[in-house]
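Below you'll find the structure, written out as structure tokens, and then a few comments.
The values are calculated or read from the model by the stated rules, or taken from the named source; none is laboratory data. Predicted, not measured: the structure shown is a model, and the values here were computed from it. Here the Cβ positions follow ideal geometry from the backbone for every residue, glycine too, while neighbour counts run over all protein chains shown.
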Amino acid sequence: MINFPTLPKGLKPANRHNKDDIFNCLTQSVGNAYRRGLLRGWEDIDAAYTGFLVQEGFDKNHVLYALKSIFNGSFDMEKSEYLYDRALEKHRQGEPLIGAGTFIENISKLDDDGQDCMRFIKQLSRLAKKGTKGKQEPTPTQAELLIDIGSNQHLFHDDMCDAYVELNGSAVKVRSSLFKQYLAREMWLQHGKAPNSDSLNQAMNVLEAKANYEGELHILHNRIAEHDNAFWYDLANGKAVRITQGQWEIADNPPLIFRRYPHQQPNVLPVSGGSLDSLFQFINIPDYDHRLLLKVWIVSFFIPDIGHPIIHPHGDQGSGKTTLCRYIKRIIDPSKIDVFFNITDKNELVQNLEHHAFIAFDNMSDIPDWFSDQIAQAVTGAGFSKRKLFTDDEDVVYQIRRALAINGISQVIYRPDAMDRSILFRLKEIDEDHRVEERKLEAMFTEARPFILGAAFDALAQAIGIYPTLSLGKLPRMADFCRWGCAIAEGMGIDKHDFLHAYASNIKDQHKEIVGGNTLAQAIIELMKDRTEWTGTVGKLYDALFEIASPNKKDRTFPKASNKLRQAIGRINLNLVKFGVRVDISEYDTRTGVPVTIKYAPIQEDNKSMVTVQAPENLNDINNYTHSTRCDHKTPTLWKDNKEEEYFIHEADDDEIPSSPDDIHNIGPLPKEGAV
């Protein structure tokens, strides 16, 4: 359906000597007048305009296009074809087309829209007169040739009214160096001429207008998208992966356009039947819960329009933090830039978030508050804007929801908003006996990469069918990720409660880290160490906490004055509650100050919480699998015999640890996907 926007005043044909360009301008002007209601009392506008176009020598395709663009939803194909056939027959027989004259007569009575129409009608008339005199059309200018080249491409605009052209299956901005190079190259190949800068700029101005006023609207996506009841992943090589319930396939001609940037690289063709556990040959994560969380996170990346927690690996030097981020990047969003170093400018951060579907910041020692706030917003989705270059009022607008990772020797995420949107991975130094040369590791990863990517799509295809059937109780922060995580875990053959337990344990660690890294929180806990209640005013509380903490002047976690205390406590209040501390600051002031009450009530641990049985030290041939499931009386724990590659299970009463191999009952091999 065609729906032209209102045209700017003084619209000109792209080529004033081109009959088709003049026809387009005339049709749009007539459409403007019709949509403004200026022609609605004129019942024969379709017949009149058809007669005029036939008289001017336009064919059936032109006529049908014109009528469809004018009448839009009320366009009648059958009637329009009849009008054309009737007018053409009269024209061939030399009969006068009364409607043509009526069209010009009525159009000339209109205001500005009519004047625009008349201007284009006169241009058509001048072209016709030139043709009858046998004069040759003037040689087109360089700009006109460039416009003709660009118009043959698919021009369109996005929801931010940015003009694009489709080149090699990807969206390229019309006003970009890449498209300028394309025009210059085609000019040379087709006409043997090198265009000058002025001609290129003139052509790009016109093509940008054509993309916005004549082109379709396309919502662009970076790597992942949802379309037609399927998830899509751009392989950036002209192909895309289509994932639906129970299956996925590689599509050669995807029905949607992806935005691509120069740094992005094509991904490998995925291969079904692999295992995500192969990833841990290259990534140093020995803990079962952490492995499960990372596998679920990788699969969830391919689900658009949900928030993905920030991956935050931290640990000793040589623990493989950078390697973890680099390999994840190469699996889900390959780029010439695997990891980023510290970014100190807000606009630079926003631009890089826009240009990467997954972005990893490497070896961060500290992040400022503004950085923490912006990445927290980018996780759940936020709009950012900046002033367009060389303009006073125009904005460049970004609507961003991104997947991120931040690594460092020490934990650098402490602000609660960002921490609540994170998954923590504490890594330990890789033992020298387990280190592998980078070249060898790279060769192994290159071989495994298609199967790891395919395994992610296998799991997601299964999860799509499971997701609608899930019935969950209370959901934590990042609820969409949590529910999809349960579906993905079960899609990999793992009980959803294993994922919920792993995620809940990580959230508990987050609260510990926030409180442990916050001077104010530590001071409040110390204040309540030997009491169950404290009452006073904000001023007295600040003085008491300041005396306990003796904060450093550069400490951002302790407020600089008592009037900042309410805001500072508000940021950590939820975390304090998890430790049994509740701070209530009154909304009203009194003569002595703002009343404050702090209460402490120890949180009772659930006796039916998960129990993880540790491997006994004397079982040299059996490694603890660190696998456990929530249950009332028993905690099944999987063990693996390294020599026989056999899997065993032990059901122990709470807190019971097997003291010998006799307490472990062989149940035969178990499937690796469900157990590893």
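For (1) among the polar types (S, T, N, Q); (2) farther than 14 Å from THR141 by Cα, each residue gets a yes or a no:
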residue: SER177; (1), (2): yes, yes
residue: TYR182; (1), (2): no, yes
residue: MET187; (1), (2): no, no
residue: HIS191; (1), (2): no, no
residue: GLU214; (1), (2): no, yes
residue: ALA225; (1), (2): no, yes
residue: TRP232; (1), (2): no, yes
residue: GLY238; (1), (2): no, yes
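Based on this model, can you work out whether LEU11 counts as under 38 Å from the mean Cα position of the chain (by Cα), within 15 Å of ASP116 (Cα to Cα), modelled with pLDDT under 80 and not basic (Lys, Arg)? Judged against the criteria, LEU11 is a match. Residues that are in a helix (DSSP H, G or I), buried (at least 17 other Cβ atoms within 10 Å of the Cβ), hydrophobic (A, V, I, L, M, F, W, C) and in contact (Cβ under 8 Å) with a residue 60 or more places away in the chain do occur in the stretch 438-450.
Just one residue in the set ALA448, ALA456, ALA461, ALA487 is in contact with a strand residue (DSSP E or B) (Cβ under 6 Å, 6 or more places away or on another chain) and farther than 30 Å from ILE569 by Cβ; that residue is ALA461. Residues that are farther than 20 Å from HIS501 by Cα and aromatic (Phe, Trp, Tyr) were ranked within the stretch 264-293; the one that is surrounded by the fewest Cβ atoms within 10 Å (Cβ to Cβ) is PHE280. Taking the listed residues SER275, SER300, SER319, SER335, the one that is of a type in the set (S, T, N, Q), modelled with pLDDT of 90 or more and in contact with a strand residue (DSSP E or B) (Cβ under 6 Å, 6 or more places away or on another chain) is SER335, with no other qualifying. With respect to GLY51, is the statement that it is assigned to a helix (DSSP H, G or I) and at pLDDT below 80 true? Considered against the rule, which asks whether it is assigned to a helix (DSSP H, G or I) and at pLDDT below 80, GLY51 comes out as no.
Candidates ASN506, ASN518: the one that is touching a residue at least 60 places away in the same chain (Cβ under 8 Å) and more than 28 Å from the chain's Cα centre (by Cα) is ASN518.
The rows are residues; the columns are (1) within 17 Å of PHE425 (Cα to Cα); (2) modelled with pLDDT under 90.
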{"position": "THR469", "(1), (2)": "no, no"}
{"position": "MET478", "(1), (2)": "no, yes"}
{"position": "ILE488", "(1), (2)": "no, no"}
{"position": "GLY491", "(1), (2)": "no, no"}
{"position": "LYS496", "(1), (2)": "no, no"}
{"position": "ALA504", "(1), (2)": "yes, yes"}
{"position": "GLN510", "(1), (2)": "yes, yes"}
{"position": "ASN518", "(1), (2)": "no, yes"}
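So is PRO195 surrounded by 18 or more Cβ atoms within 10 Å (Cβ to Cβ), assigned to a loop (DSSP other than H, G, I, E, B) and more than 24 Å from the chain's Cα centre (by Cα) or not? Yes.
Filter the stretch 294-333 down to residues that are of a type in the set (D, E, K, R) and closer than 22 Å to ARG477 by Cβ and give me whichever is surrounded by the most Cβ atoms within 10 Å (Cβ to Cβ). Looking at the filtered set, the residue picked out is LYS295. Looking across GLU214, GLU226, GLU249, GLU186, one residue alone is under 20 Å from SER300 (Cβ atoms) and among the acidic types (Asp, Glu). It is GLU226. None of ALA209, ALA225, ALA171 is over 23 Å from ASN24 (Cβ atoms), at pLDDT 90 or above and among the small types (Gly, Ala, Ser) except ALA225. Flag not set for ALA376, criterion: modelled with pLDDT of 85 or more and within 20 Å of LYS329 (Cβ to Cβ). When you check LEU26 against the structure, is it surrounded by fewer than 22 Cβ atoms within 10 Å (Cβ to Cβ), modelled with pLDDT of 80 or more, aliphatic (A, V, I, L, M) and not in a loop (DSSP other than H, G, I, E, B), yes or no? Considered against the rule, which asks whether it is surrounded by fewer than 22 Cβ atoms within 10 Å (Cβ to Cβ), modelled with pLDDT of 80 or more, aliphatic (A, V, I, L, M) and not in a loop (DSSP other than H, G, I, E, B), LEU26 comes out as no.
Here ASN623 clears all of (1) in a loop (DSSP other than H, G, I, E, B); (2) at pLDDT below 85 except the condition numbered (1). For ILE430, the requirement of being under 29 Å from ALA489 (Cβ atoms), β-branched (Val, Ile, Thr) and crowded, with 21+ Cβ neighbours inside 10 Å is not met.
The single residue among LYS512, LYS529 that is assigned to a helix (DSSP H, G or I), of a type in the set (Lys, Arg) and either in contact with a helix residue (DSSP H, G or I) (Cβ under 7 Å, 6 or more places away or on another chain) or surrounded by fewer than 19 Cβ atoms within 10 Å (Cβ to Cβ) (or both) turns out to be LYS512.
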